[in-house]
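Please read the structure below before turning to the comments.
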Amino acid sequence: MNSIKGFFSCLTPCFDCMEGSSFDNVQYPRFNAVYQPTVRLDVGRMGKNVVILKEGERICGIGGAIATVPIVQNKAYFQVTVQQTGTWGIGLGQKQSNFDKIPCTDKFWGIRDNGDIAKEDQVIAKMQKTVEEGDVVGVTYDHIELKFYVNGKEVEDVITGVKGPVYPMVYVDDSAILDLKFKNFTEAPPSGFGEILVEQTIL
């Protein structure tokens, strides 16, 4: 009996991740015989203890993940909502990033839950105001500067010298839950920036 209780207790974080309004009145798209590539978190490139839900737009568990496509356009934007606080990171990474190491440092450029602005294993600045539960973090990248916006307000410090090709990347631990949006944004992108395009649509 104890072993059965233990089994269900280890599933509790997964149930927490699935709770909330995101599963109410969900309409699932019909199967389309023509494959349309979309941008979402890649279940093939994530930490072994990561849980990805909401059709690739929610991450919880322990570890990191990157998106399904790299950023190839000149001015790309995506956004992340902190649904539940904990340990997390938001930024850019590569296929070779270590998705099981928390906090991610190898081939990761971004911000952390404690306000650190990190360029791989180097903290280059500190945000004046830390991101709280419910805040929306916007991310822009133009292949020169990586910038962040909290609830539409620009963070002063920027990251330069990002080595490509890079993908949107997030990581979580300590019960953190992040929701990503690659289109239909709740915070409008800065002027000139737009949703990440799949490479075929750029050519």
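The values are calculated or read from the model by the stated rules, or taken from the named source; none is laboratory data. It should be emphasised that the depicted structure is a prediction, and the values quoted were computed from it without experimental measurement. Glycine gets a Cβ as well: all are built from the backbone with ideal geometry, and neighbour counts include every protein chain shown. Note: accessible area is taken over every heavy atom of the protein model, side chains too, but ligands, DNA and RNA are not part of it. Shrake-Rupley method; radii C 1.70, N 1.55, O 1.52, S 1.80 Å.
Some points to look at:
- Conditions (1) surrounded by fewer than 19 Cβ atoms within 10 Å (Cβ to Cβ); (2) touching a residue at least 60 places away in the same chain (Cβ under 8 Å); number of the one not met by Leu53: (2)
- In the stretch 151-203, the residues that are over 26 Å from Asn49 (Cα atoms) and aliphatic (A, V, I, L, M): Val155, Val158, Ile159, Val162, Ala188, Ile196, Leu197, Val198, Ile202, Leu203
- Within the stretch 28-42, the set of residues being open to solvent by 30 Å² or more (accessible area, probe 1.4 Å) and modelled with pLDDT of 95 or more comprises just one member, Arg40.
- The set of residues in the stretch 129-153 being polar (S, T, N, Q) and in contact (Cβ under 8 Å) with a residue 60 or more places away in the chain consists of Thr140 alone.
- Taken over the stretch 139-196, residues that are aromatic (Phe, Trp, Tyr) and within 20 Å of Gly56 (Cα to Cα) amount to 4.
- Residue in the stretch 63-71 that is touching a residue at least 12 places away in the same chain (Cβ under 8 Å), touching a Leu at 6+ places or on another chain (Cβ under 7 Å) and within 14 Å of Val170 (Cα to Cα) present: yes
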